[in-house]
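The values are calculated or read from the model by the stated rules, or taken from the named source; none is laboratory data. Only a predicted model underlies this, so the values are computations on that prediction, with no experimental measurement involved. As a convention, Cβ positions derive from the backbone with ideal geometry for all residues, glycine included, and neighbour counts pool all protein chains shown. Please note that ligands, DNA and RNA were not included when accessible areas were found on the heavy atoms of the full protein model with its side chains. Shrake-Rupley method; radii C 1.70, N 1.55, O 1.52, S 1.80 Å.
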Amino acid sequence: MIGKLNFSALATMITEGVKFAAPRNPDRTLVWAEEFDAPVDWGARWVGDRTSAYRYCDHNPDDNKLDWLDPHCVTVSGSVATFAAAPCGRTLENGRPAWRTGLLTTEYSEEGFQVRTGDHIETRVLLPSATGAWPALWTWKDGANEVDTFEYHPDNPHLLELSNHVRAATSYHTDGAAIAPDTWVTIGTTYGARCVEWYVNGQRVYADGTGVGPDWSAYLVLNLSLCAGEHHPPPCGPAPITFGVDYVRVHR
């Protein structure tokens, strides 16, 4: 086991830079928001020790992940949530060393918030720079209903993965100016019945033409995974890996 992480110092590190809010669509109403201006509301709003997307609830070696979920790995300071990951001394079923890391999901929470067809979600994140980091905002319900607002890997420093797994569609969006390690970026998704649209810093960058259907709904998942090395390199050493989030907002 490693020593206790200095979450306060990490939060201070990631909050550098100017924060902003992207323009809101006047035809939509803000129906749910997490501004991270208070400690994580565990149980009522968020759950961090399990997800049905993981085979063993708190870890999932099947998906090329080293994750072992620990709610203590998500802290809030200065209106920013810091996800911090580090080796935890456990061994996964496949023999790989696990990393304790943070995940937030509305699944199993008392509030049980779900996004649905027609909603627009937006988040502002500080992309990590450490090899092995795998942050994402995505949806999950009943073993499916997954739409990835984004996935990011620092070994592809200027690329975001944008995916609809409900009605298969994927785009690899590249932007050398807006997308980079240690850079704040605003990413949004509109879950249309016939077309899911993705936005980066307020500009539409991909429309899949397939959509999620009229009756779709799903829980939110926001997390920092660690790559096991199959598709992207694993962490280079035991140093903590961090990922920052300014807010998550849903308009309807």
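Which of the residues that make up region 167-191 are assigned to a loop (DSSP other than H, G, I, E, B) and surrounded by fewer than 20 Cβ atoms within 10 Å (Cβ to Cβ)? Listed by number, the residues that qualify are R167, A168, D175, G176, A177, A178, A180, P181, D182, T183. Beta carbons closer than 7 Å, at least 6 apart along the sequence or on distinct chains, pair a first residue in region 28-43 that is touching a residue at least 40 places away in the same chain (Cβ under 8 Å) and open to solvent by less than 70 Å² (accessible area, probe 1.4 Å) with a second that is assigned to a loop (DSSP other than H, G, I, E, B) and among the charged types (D, E, K, R) for R28/R252; V31/R252; G43/E110.
So is L159 surrounded by 21 or more Cβ atoms within 10 Å (Cβ to Cβ) and under 30 Å from P238 (Cα atoms) or not? In short, no. Which one of these does T131 not meet: (1) open to solvent by 40 Å² or more (accessible area, probe 1.4 Å); (2) closer than 30 Å to R28 by Cβ; (3) outside any strand (DSSP E or B)? Of everything listed in (1) open to solvent by 40 Å² or more (accessible area, probe 1.4 Å); (2) closer than 30 Å to R28 by Cβ; (3) outside any strand (DSSP E or B), T131 misses just condition (2). Just one of the numbered conditions (1) under 22 Å from A53 (Cα atoms); (2) assigned to a strand (DSSP E or B) is not true of V205: (1).
Condition test on E110, is it under 25 Å from A193 (Cβ atoms) and acidic (D, E)? Walk me through it before giving the result.
Details: under 25 Å from A193 (Cβ atoms): no; acidic (D, E): yes.
When the stated conditions are applied, E110 does not pass them.
Tally time: how many residues in region 44-59 are of a type in the set (S, T, N, Q) and open to solvent by 10 Å² or more (accessible area, probe 1.4 Å)? Residues flagged as of a type in the set (S, T, N, Q) and open to solvent by 10 Å² or more (accessible area, probe 1.4 Å) within region 44-59 amount to 1.
Taking region 217-235, which residues are in a loop (DSSP other than H, G, I, E, B) and open to solvent by less than 10 Å² (accessible area, probe 1.4 Å)? Hit for region 217-235 is A228, nothing else.
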